[in-house]
1. If a residue has to be within 28 Å of residue B:104 (Cα to Cα) and of a type in the set (Phe, Trp, Tyr) to count, how many in segment A:188-212 make the cut?
2. Name every residue in segment B:136-189 that is in contact (Cβ under 8 Å) with a residue 40 or more places away in the chain, away from every other protein chain (no Cβ under 14 Å) and of a type in the set (A, V, I, L, M, F, W, C), in order of residue number.
3. Filter segment B:97-119 down to residues that are in contact with a Pro (Cβ under 8 Å, 6 or more places away or on another chain) and either modelled with pLDDT under 90 or within 8 Å of chain A (Cβ to nearest Cβ) (or both), then give me how many there are.
4. Taking segment A:228-245 as the region of interest, how many residues are in a loop (DSSP other than H, G, I, E, B) and either more than 8 Å from every other protein chain (Cβ to nearest Cβ) or polar (S, T, N, Q) (or both)?
5. Residue by residue through segment B:213-238, note down the ones that are part of a loop (DSSP other than H, G, I, E, B) and without any contact (Cβ under 8 Å) to a residue 12 or more places away in the chain.
6. Yes or no: segment B:84-93 includes at least one residue that is touching a residue at least 12 places away in the same chain (Cβ under 8 Å), among the aliphatic types (A, V, I, L, M) and either away from every other protein chain (no Cβ under 12 Å) or assigned to a helix (DSSP H, G or I) (or both).
7. Out of (1) in a helix (DSSP H, G or I); (2) at the interface with chain A (Cβ under 10 Å from one of its Cβ atoms); (3) at pLDDT below 90, what's the single condition that is false for residue B:73?
8. Confirm whether residue A:225 is over 19 Å from residue B:104 (Cα atoms), under 24 Å from the mean Cα position of the chain (by Cα) and within 14 Å of another protein chain (Cβ to nearest Cβ).
Amino acid sequence: MANLGDRFRDLGRMDTMGSRESGLHRLDPRAKVLATAAFALAVSSFGRYEVAGLLPFMAFPVSLAILGEVPGGYLLKRIGLALPFVLLLGVLNPVLDREVLLQVGPLPITGGWLSFLSMALKLVLTAASAVVLVAITSMDGVCQALERLGMPQVFVVQIGFLHRYTFVLVEEAARMLRARELRSNGHDLTHREFGPLAGHLLLRTWDRAQRIHQAMLARGFEGEVHLLRRPSFGLQDALFLGAWCVAFLVLRLVNLPLLMGTLVSGGAQ
Amino acid sequence: MSHHIVEAIDLCHCYGDGTQALTNITFRIHHGESVALVGANGAGKSTLLQHLNGVLLPTSGTIRIGEVPLVKETLRDIRRTVGMVFQDPDDQLFSPTIGQDVAFGPLNMGLPPADVAARVHEALERMEALHLKDKPVYRLSAGEKRRAAIATVLSMTPDILVLDEPTSGLDPRARRQLLGLLKAFRHTKIIATHDLDLVLELCPRTLVLHEGRVKADGSTREIFADQALLTACHLEKPLTMQGCPKCGGIP
């Protein structure tokens with residue numbers, strides 16, 4: 001099951017990226033978390049048929065990914081993981097809402113397709129911003145920011161552990177599936193095998209998670225996330241957060257593609 | 001230096017399912033001693049080690065680190081004093097990079113970032129693992145993982161080092177390197193292992209556990225020369241003490 005093993009390495013790569021040194025990485029995690037939250041809020045506040053107005057919001061994840069040296073291919077792969085959810089949530093929209101809202105040349109576009117596209121765009125944008133956030137902050141950095149922003153410690157620790165547990169789960173699953181595959185004589189995994197395998201996986205990961213927790217306790221872990229980098233919220237952080245918030249507000253109030261279209265078509269007349 | 005003493009008095013441990021893992025274990029390990037804990041699989045070595053820094057608490061009896069009894073209230077201090085290196089380095093290394101993992105302990109101790117960075121550097125350098133600082137765990141070989149795992153504990157500057165199977169899964173060169181590094185430590189060392197040749201090199205004193213009880217406690221050479229004891233405890237003489245298979249001579 002080389003595939004699952006590769007996925008695990010891929011997951012780890014995101015964490016490793018978060019511990020790099022760059023101007024963006026050095027910013028206070030709170031500034032980045034708040035900017036991402038403002039971004040998600042602005043994107044989700046658009047109406048269900050809005051598509052054009054959402055496009056300029058691409059600037060946020062794309063520019064951060066470029067400045068934070070997050071590889072494009074990697075980012076697209078991670079966003080790809082969110083696509084099945086989009087399909088699942090919006091697949092019925094074009095069927096249920098058939099009212100034609102737009103005519104592009106000879107092609108009539110129904111409300112269902114517009115709302116599907118709008119939803120897909122919103123999900124891709126928020127997923128991209130979340131992936132970039134972790135890649136330029138690290139999961140521990142995000143947890144620390146949430147804690148310093150007032151989230152109860154018990155929730156922060158849960159998020160941190162959930163993140164670590166993903167690694168344990170994938171690693172153990174990869175081992176089990178490899179062992180099965182080597183003796184499966186080419187047969188696919190059947191639903192009969194799946195039940196016991198899943199149960200066994202849970203028990204194995206439970207044991208392993210317990211040992212990791214013991215190792216953490218043995219080194220003084222008492223429920224609080226500490227980071228070597230604990231920056232104070234400075235001018236740079238305020239500027240980063242303020243500039244993006246203003247940008248989101250402007251882009252939310254002014255439909256930039258529509259405005260440009262009007263200007264261009266007005267100029268042509 | 002009395003705080004480097006490790007003492008168990010009538011220590012018993014019974015697991016939740018009723019398994020009696022340890023029965024009336026009593027020993028006293030002094031400052032700077034290097035003691036091996038040997039025994040067959042299931043003899044109770046790992047259970048005993050887990051009592052030394054409070055991962056498990058005794059069902060009855062007492063553990064003392066220095067003059068401090070190990071109870072819930074003293075756990076924090078005892079965990080700073082006793083550094084525990086787990087059997088599987090993958091359980092010990094859980095942060096994105098080795099540097100962050102080595103910093104985990106000192107950060108939990110509340111040290112300022114500059115001190116933490118200095119300790120990380122020092123611990124990694126001591127384990128000849130400074131070049132691994134920014135590497136993720138899954139890129140490391142078994143030997144590198146083991147050295148990094150020990151560095152995660154050294155950065156907390158413990159007085160007592162407890163190592164569970166430090167050489168398992170290592171190739172001969174990595175094992176030799178680790179042995180050299182461990183030899184240089186001045187800490188009180190307690191090493192649970194099946195590698196009896198390592199015991200001969202590192203530990204003048206050996207505790208033999210069998211079915212949860214201390215079967216022997218004394219000089220390593222004397223214990224390893226006692227064939228009847230070794231057989232009764234499902235152990236074999238270390239290779240270096242076994243005669244040549246051809247001529248029967250001992251090198």
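1. 1
2. Correct list: B:142, B:181.
3. Of the residues in segment B:97-119, 2 are in contact with a Pro (Cβ under 8 Å, 6 or more places away or on another chain) and either modelled with pLDDT under 90 or within 8 Å of chain A (Cβ to nearest Cβ) (or both).
4. Going residue by residue through segment A:228-245, those that are in a loop (DSSP other than H, G, I, E, B) are A:228-234.
Filter again for either more than 8 Å from every other protein chain (Cβ to nearest Cβ) or polar (S, T, N, Q) (or both), leaving A:231-234.
Count: 4.
5. To start, the set of residues in segment B:213-238 that are part of a loop (DSSP other than H, G, I, E, B) comprises B:226, B:233-238.
Of everything in segment B:213-238, just one residue is part of a loop (DSSP other than H, G, I, E, B) and without any contact (Cβ under 8 Å) to a residue 12 or more places away in the chain, namely B:226.
6. Here is the first cut: in segment B:84-93, the residues touching a residue at least 12 places away in the same chain (Cβ under 8 Å) are B:84-87, B:89-90, B:92-93.
Now drop any that are not among the aliphatic types (A, V, I, L, M), which leaves B:84-85, B:93.
Still in the running and either away from every other protein chain (no Cβ under 12 Å) or assigned to a helix (DSSP H, G or I) (or both): none.
Looking through segment B:84-93, none of the residues is touching a residue at least 12 places away in the same chain (Cβ under 8 Å), among the aliphatic types (A, V, I, L, M) and either away from every other protein chain (no Cβ under 12 Å) or assigned to a helix (DSSP H, G or I) (or both).
7. Answer for residue B:73: the failing condition is (2).
8. Details: over 19 Å from residue B:104 (Cα atoms): no; under 24 Å from the mean Cα position of the chain (by Cα): yes; within 14 Å of another protein chain (Cβ to nearest Cβ): yes.
Against the criterion (over 19 Å from residue B:104 (Cα atoms), under 24 Å from the mean Cα position of the chain (by Cα) and within 14 Å of another protein chain (Cβ to nearest Cβ)), residue A:225 does not qualify.
The values are calculated or read from the model by the stated rules, or taken from the named source; none is laboratory data. This one's a predicted model, so the numbers in the text were calculated from it and none came from an experiment. Because the Cβ atoms are built from the backbone with ideal geometry, glycine has one as well, and the counts that use them run over all protein chains shown.
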